[in-house]
Amino acid sequence: MPNLIEGAEALRRSALEALNQVTDEKGLEEFYVTYLAKKGSIPGLMTHMKEAEDKAAFGAAVNKARTEVTAAYEEKKSALGKLTLEKKLAAERIDLTLPPEPMGVGHVNPYRLIIDEVTDIFLEMGYEVCEGRDVETDKFNFELLNVPKDHPSRDMQDTFYFGDDFLLRTQTSAAQAHKMLEMEEKRPIRMIAPGKAYRRDDDDMTHSHQFAQIEGLVVDKNISIAHLKATLELFAKKMFGQKREIRLRSSYFPFTEPSVEVDVSCFNCGGKGCAMCKGTGWIEILGAGMVNPRVLQACGYDPEVYSGFAFGVGVERVAMLRYGIDDIRRFYQNDFRFLKDFPLK
Ligand code: DAH
């Protein structure tokens, strides 16, 4: 029956034509279902075998249709697969010629610059740098420094406690006691201890609950207040300029006796009086004094043999004066526009 054979031929041609029109994988899938799947039209030709007069010729025509269309389908499938991959690769390609995002270089915080500068000055004078610890015990932060539990000066240093005995240190002075106690042989000491200190403080322009201090301690035989004055004068000149002078005003700290507050002649107006020194010609820069014999005693140094001096510098205060910074909180806001205004070392 030539019609059946012709039908198979016609189906073969139209399948190949339809395949030609297929442009994507979805179309190919639909093509497969229509023509080649079990229930597709080409395998479906076999249901007519019974009606075929020349079964061999019809079978051959059906086979030809199936073989050719399957081969063409396979070819198309691999071509489309390649195309999809190429498209995907093209879409995901990274253009290495694009200019990169500019890389910002980090910047040293100005209070760190001051610590480095002060440290260099004291290293030149033969001091060693000691690292204190941020979390202290009541004993080291207060008691060994002649501040017993009920001492009123504790009120000024109200701080952050962890239970009764542990606290965030309120002053780098705690490093003094560590250094003295840690010396097995009680030999002379010349040390500075830069670091952070913490206090529950009024949140205003000049106070912050976290700030930096540099503690200094000298213990030796025959140390007098003349050594303290000469040392701090040298420091003030190196830090604020050769023309600077210092003056000592009497003050009170539990760990020093006598205690002084140290002023430097104003480096803005040279001492004539300006806004920076509030018209006085002097700017307060640190607290100091002769180490209280009770502190020496508590830390294992015989006050009959040894004497010493100590001082504590408020780092942000110095940085604010040096760089004309109006608000202490700026040091801790990590604003790069602020940080990058300071010289890199
Ligand atoms: N610890 C004092 C404070 O936090 C600063 C200070 C004053 C340290 C006098 C000293 C000193 O070593 O002798 O305010």
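The values are calculated or read from the model by the stated rules, or taken from the named source; none is laboratory data. Just so it is clear, the model here is predicted, and its values are computed rather than measured. Note that we place each Cβ from the backbone using ideal geometry, even for glycine, and neighbour counts take in every protein chain shown. The protein model used for the area step is the full one, side chains on, heavy atoms only, and it has no ligands, DNA or RNA in it. Shrake-Rupley method; radii C 1.70, N 1.55, O 1.52, S 1.80 Å.
Scanning the range 169-208 for residues that are in a loop (DSSP other than H, G, I, E, B), open to solvent by 60 Å² or more (accessible area, probe 1.4 Å) and within 15 Å of THR137 (Cα to Cα) yields a total of 0. Among the residues of the range 149-166, those that are more than 16 Å from the ligand (Cβ to nearest atom) and out of contact with any helix residue (DSSP H, G or I) (no Cβ under 8 Å at 6 or more places or on another chain) comprise ASP150, TYR161, PHE162, GLY163. Residue check: GLY281 meets all listed conditions (1) closer than 23 Å to ASP204 by Cα; (2) open to solvent by less than 70 Å² (accessible area, probe 1.4 Å); (3) more than 16 Å from the ligand (Cβ to nearest atom) but one, namely (1).
Scanning the range 15-36 for residues that are free of Cβ contacts under 8 Å to residues at least 40 places away in the same chain and either more than 24 Å from LEU83 (Cβ to Cβ) or surrounded by 14 or more Cβ atoms within 10 Å (Cβ to Cβ) (or both) yields ALA18, GLY27, THR34, TYR35, LEU36.
Looking at PHE140, PHE160, PHE166, PHE122, just one residue is under 18 Å from ALA212 (Cβ atoms), open to solvent by 30 Å² or more (accessible area, probe 1.4 Å) and assigned by TED's automatic domain parsing to the domain that holds LEU228, and that residue is PHE160. Filtering the range 80-104 to residues that are touching a residue at least 12 places away in the same chain (Cβ under 8 Å) and outside any helix (DSSP H, G or I) leaves only GLY104.
Contact annotation: residue pairs with Cβ atoms under 7 Å, 6 or more positions apart or on different chains, pairing a residue in the range 166-195 that is modelled with pLDDT under 95 with a partner that is of a type outside the set (Ser, Thr, Tyr) and more than 16 Å from the ligand (Cβ to nearest atom), are LYS186/GLY300. For the range 242-278, a residue qualifies if it is open to solvent by less than 80 Å² (accessible area, probe 1.4 Å) and farther than 19 Å from LEU228 by Cα, and the qualifying residues are CYS266, PHE267, CYS269, GLY270, GLY271, GLY273, CYS274, MET276, CYS277.
Restricting the range 209-223 to residues that are within 15 Å of the ligand (Cβ to nearest atom) and among the polar types (S, T, N, Q) leaves a set whose member that is surrounded by the fewest Cβ atoms within 10 Å (Cβ to Cβ) is GLN210. Checked against (1) under 30 Å from THR231 (Cβ atoms); (2) open to solvent by less than 80 Å² (accessible area, probe 1.4 Å); (3) out of contact with any helix residue (DSSP H, G or I) (no Cβ under 8 Å at 6 or more places or on another chain), GLY44 meets all criteria but (1).
Scanning the range 167-177 for residues that are within 26 Å of the chain's Cα centre (by Cα) and more than 10 Å from the ligand (Cβ to nearest atom) returns LEU167, LEU168. Just one of (1) open to solvent by less than 60 Å² (accessible area, probe 1.4 Å); (2) in contact with a Gly (Cβ under 9 Å, 6 or more places away or on another chain); (3) away from the ligand (no atom under 16 Å from the Cβ) fails for PHE336. It is (1).
The set of residues from the range 286-306 being at positive phi and within 13 Å of the ligand (Cβ to nearest atom) comprises just one member, GLY289.
Of the residues GLY308, GLY312, the single one that is within 34 Å of the chain's Cα centre (by Cα), buried (at least 19 other Cβ atoms within 10 Å of the Cβ) and at pLDDT 95 or above is GLY312.
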